Amino acid sequence: MSALWKLKWLAFLTAVIELGAHTASDDLHLSNLSWIAGCWSHDNGRTTETWVETSGNLLFGHAVTMHEGRVIAFEDLRIEMTAQGISYTASPNGNKPVTFYSVIIGANLIVFENPDHDFPQRISYQRNEDTLFASVATLDESKIIEFEMEVCESK
């Protein structure tokens, strides 16, 4: 088990103890996710992910990965309140959007799942001070990709 997953597991247990495990049916608000807002950078700025809070029921996000000065991947993202609870929708490289629903929500942790999607089936974010940990995985964790992101540097 990687150090990132150990940290996530500890944060999950803490969230369950402190807040109880929230589900989509609980009284939750997107203001509880304000910790994800901002610009985050991975791999020395090669990939950036930016989240913007709105005054309503929506967080907008986008991610861009660069290589040798060219965009090689991009993704439009949103987190919103829906009738089913908090959802995460991603549209990688302009493809058809895929929606995931929150299954765990803690003080600085959120996990979304869509068991019907091929990969990923689970997306998680956890903030620890100025670091945002993100991962995409299958539900059985046979495939996991982890990202450790720092606050973007001003340019």
Practice item. Run down I144, I110 and say which single residue is in contact with a helix residue (DSSP H, G or I) (Cβ under 9 Å, 6 or more places away or on another chain), hydrophobic (A, V, I, L, M, F, W, C) and over 24 Å from T54 (Cβ atoms). Key: I144
Exercise for review: Take S91 and decide whether it is assigned to a strand (DSSP E or B), touching a Pro at 6+ places or on another chain (Cβ under 9 Å) and not β-branched (V, I, T).
Suggested key: yes
Point to revise | Close pairs (9 angstrom Cβ cut-off, 6 or more residues apart or separate chains): free of Cβ contacts under 8 Å to residues at least 60 places away in the same chain and of a type in the set (K, R) in region 111-125, part of a strand (DSSP E or B) and surrounded by 21 or more Cβ atoms within 10 Å (Cβ to Cβ) anywhere | key: R122/F100; R122/V111; R122/F112; R122/S135
Exercise for review: Scan region 129-137 and give yes if some residue there is surrounded by fewer than 20 Cβ atoms within 10 Å (Cβ to Cβ), more than 27 Å from R46 (Cα to Cα) and not charged (D, E, K, R), otherwise no.
Suggested key: no
Check your understanding: Out of all the residues in region 19-39, is one or more at pLDDT 80 or above, in a strand (DSSP E or B), surrounded by fewer than 12 Cβ atoms within 10 Å (Cβ to Cβ) and not polar (S, T, N, Q)?
Key -> no
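The values are calculated or read from the model by the stated rules, or taken from the named source; none is laboratory data. Because the structure is predicted, anything quoted here is derived from the model rather than measured. Methodologically, a virtual Cβ is constructed for each residue, glycine included, from the backbone with ideal geometry; neighbour enumeration extends over all protein chains shown.
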